[in-house]
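Where a number appears in this text, it was derived from the coordinates with a stated rule and is not lab data. Owing to the predicted nature of the structure, the values given are computational and were not obtained by experimental measurement. Neighbour counts run over all protein chains shown; Cβ positions are idealised from the backbone, glycine included.
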Amino acid sequence: MNPSGEAREKTFRRERALEDPSNFRGIDTCALCGSGKRRERFEEGIFSVVECTSCGLVYVTPRLRSEALPLVYGEGYWSSESPKDRGYADYRSEAPLYLATFERRMTLVRRHRKKPGRALDIGCAAGFFLRVLRDHGWKVSGVELSPEIGAMAVEALGGEAIHLGTLDGAPFEKEAYDLVSLWDVIEHVEEPVPFLEEAASFLKPDGILILETQNIDSLFARVLGPKWQHFKHLEHLYHFSPRTIRRLFQEAGLEVLESTSRFGGKYINIGFLRERATRVHPILSFLLLPLKPFDGFRFYANPRDEMVLVGRRTP
């Protein structure tokens, strides 16, 4: 079998594994407070989106077992045939959009760290945020679970700067970083409290942690209900609100310095807008078809349904 054939076969096996019921397990207790009390918000296929009635955390059950969870983030995630359900249509080709988004977010970084220092981006994907930081004088490192997309970060930033693997296996120095960032990461991890504790352990005593995640209590999420674009059950295991994300910070030994939706927006193009509109209703894809010649036109969009928090370790 030639290399491209091997890659296709590997992708096929991954996709089949994601449909195997034996790779899933039910979730009985809340990862934030440990309660087993919950109410169901809605069902979709085999998945239930439930809310803990003790602390309010929203989570998905069943979910992939620990050993199968990395299968989500293969090549079929970064070049997805159904991005409204999982992953991205073509993540690599949208590099200019991500670079522009992170350049805009440097305003938040400078608000809390006026001078460049050492930065660790966890879940760095192709390394776009790290590239922007580097251009602003920062010394950068990154951690990425998916080797398929992490190879792009290695190419741009060097193998010594990027660890391809899990956070607990990263060879980076603890208590050595002025900035640790997690952009759209925490909702993907199995155990958010110990994961955030581990992430914070890389901070210097006066370092800051920046985290972005979706806000299930936002007006946009409430209006769209089950059609909200962030309900992607294979990958988004948790849906935080301002209350539950603050509790997560507290449980992980962090205090919140700032919480805002201002920097949760992204540069997108018309093609992305048309693709996401199909989740709301298939007819929107038809209605927006006249915009197809303008798919490459980009603009900044912020529906205020994402939260960006800045924190530091509790003394």
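Structure data summary
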item	result
Span from the region 11-31 Cα centroid across to the region 63-136 one, whole angstrom	24 Å
Spin-label model distance (nm) - Arg92 vs Ser35, 7 Å beyond Cα toward Cβ	4.6 nm
Choice from Val193, Val185, Val223 with maximal GNM fluctuation in the chain (Cα, 10 Å cutoff)	Val223
Of all DSSP beta bridges in the chain, antiparallel share, percent nearest 5	65 percent
Burial ordering of Thr101, Thr213, Thr166, fewest other beta-carbon atoms within 10 Å first	Thr166, Thr101, Thr213
About the Cα centre, charge dipole magnitude for the chain (Lys/Arg +1, Asp/Glu -1 at Cβ), debye	1100 debye
Cα-centred dipole magnitude for region 76-219, charges only on beta-carbon of K, R (+1) and D, E (-1), debye, nearest 20	900 debye
Karplus (6.51, -1.76, 1.60) ³J(HN,Hα), θ = phi - 60°, over region 48-58, in Hz, Gly and Pro reported as x	10, 9, 10, 10, 5, 7, 8, 10, x, 5, 9
Exceeding the 24 Å Cα-Cα cut-off - candidates Lys227/Lys266; Lys115/Lys174; Lys10/Lys174; Lys84/Lys139	Lys10/Lys174; Lys84/Lys139
Sum of side-chain charges, Ala68 neighbourhood, beta-carbon under 13 Å (Lys, Arg +1; Asp, Glu -1)	0
Spatially proximal aspartates and glutamates relative to Lys204 (Cα-Cα < 18 Å; intrachain offsets below 8 disregarded)	Asp121, Asp168, Glu173, Glu175, Asp178, Glu255
Label-to-label distance, nm, for residues given as Thr107 and Arg304 (7 Å Cα→Cβ offset)	1.6 nm
